[in-house]
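Single-structure report; data block below.
The values are calculated or read from the model by the stated rules, or taken from the named source; none is laboratory data. As the structure is a computational prediction, the values presented were derived from the model and not from experiment. Every residue, glycine as well, gets a Cβ built from its backbone with ideal geometry; the counts of neighbours run over all protein chains shown. Surface accessibility is based on the protein's heavy atoms, side chains included, excluding ligands, DNA and RNA. Shrake-Rupley method; radii C 1.70, N 1.55, O 1.52, S 1.80 Å.
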Amino acid sequence: MSIEPPIQPLLPILGGGRFPVGRIFCVARNYAEHAREMGDVSAEPPFFFIKPSTCLPTVPGRLPYPPMSEDVHHEVELVVALGLGGADIAPADALRHVFGYAVGLDMTRRDLQAEAKEKRRPWDMGKVFDGAAPVSVIVPAAEAEGLDDAEIQLTIDGEVRQQGRTSDMIWSPAEIIAELSRYIRLNPGDLIFTGTPAGVGPVVRGNRLEARVGLLPSLEVEIV
Ligand code: MN
């Protein structure tokens, strides 16, 4: 028996080319209002978790409703794509490591996550499933303007469900890169989901999600 190497997940780059995706790091509770809606009044700093790159949907724009859950939630997020790696990166030097930006959905099996929290178990099965991390085309950093204070929004079937501003992040993208690189060496190809604003909620089959961050091309996903 011979086993083929795993397929390298790729994302399209605006203007041409493909971005090879390594790991997908995610920031939890990076918007204070979302932390409060999740029942967290601790004012503790944000923290990290990871999704494997196999969470990128195999068919862009179509997300099969995952098994083992009856409460799958949307979380619209600004995604940072790294072009340079490093450890112990200084905040002032961090944005030099950014290749580009995209719009992502940190899809979450909220019922499994809630059960894990209650039982003090890892979140993984709440956050990791096939198609759990849809990401838009990547816009090179030089062409992505205004993301310091951009509207971040999610609509379902045209109705606004999540709305916020990227300036409301507790940790900015530069601070996230610096903090994460204290824990682990970052690599070119890594993605970072930077957290979601308030308004998370359930999706059902047939929903059409449109996720937008500022002037980045929007991400459209149908739940099938
Ligand atoms: Mn999230």
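Comparison of 84, 112, 95, 78 shows that the only residue that is in contact (Cβ under 8 Å) with a residue 40 or more places away in the chain and part of a strand (DSSP E or B) is 78.
Considered as a group, the residues in the stretch 195-220 that are part of a loop (DSSP other than H, G, I, E, B) and touching a Gly at 6+ places or on another chain (Cβ under 9 Å) include one that is most open to solvent (accessible area, probe 1.4 Å), and that residue is 215.
Before we move on, is residue 223 open to solvent by less than 10 Å² (accessible area, probe 1.4 Å), under 24 Å from residue 113 (Cα atoms), more than 16 Å from the ligand (Cβ to nearest atom) and β-branched (Val, Ile, Thr)? Yes, satisfied. Going by what's in this entry, would residue 181 be described as more than 14 Å from the ligand (Cβ to nearest atom), within 16 Å of the chain's Cα centre (by Cα) and either in contact (Cβ under 8 Å) with a residue 40 or more places away in the chain or buried (at least 18 other Cβ atoms within 10 Å of the Cβ) (or both)? The answer is no for residue 181.
For the stretch 115-134, residues that are within 16 Å of the ligand (Cβ to nearest atom), over 23 Å from residue 209 (Cα atoms) and part of a helix (DSSP H, G or I) total 3. Looking at 81, 92, 102 in this structure, which one is more than 18 Å from the chain's Cα centre (by Cα) and either open to solvent by 40 Å² or more (accessible area, probe 1.4 Å) or away from the ligand (no atom under 12 Å from the Cβ) (or both)? The match here is 92. Of all residues in the stretch 26-75, those satisfying the criterion of being within 14 Å of the ligand (Cβ to nearest atom), within 18 Å of residue 224 (Cα to Cα) and not in a helix (DSSP H, G or I) are 72, 73, 74, 75.
Give me a count of the residues in the stretch 1-25 that are in a loop (DSSP other than H, G, I, E, B), open to solvent by 30 Å² or more (accessible area, probe 1.4 Å) and closer than 14 Å to residue 101 by Cα. The total comes to 2.
Residue by residue, here is whether (1) over 27 Å from residue 84 (Cβ atoms); (2) open to solvent by 30 Å² or more (accessible area, probe 1.4 Å) holds:
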| residue | (1), (2) |
| --- | --- |
| 109 | yes, no |
| 140 | no, no |
| 147 | no, no |
| 154 | yes, no |
| 159 | yes, yes |
| 162 | yes, no |
| 165 | yes, yes |
| 170 | no, yes |
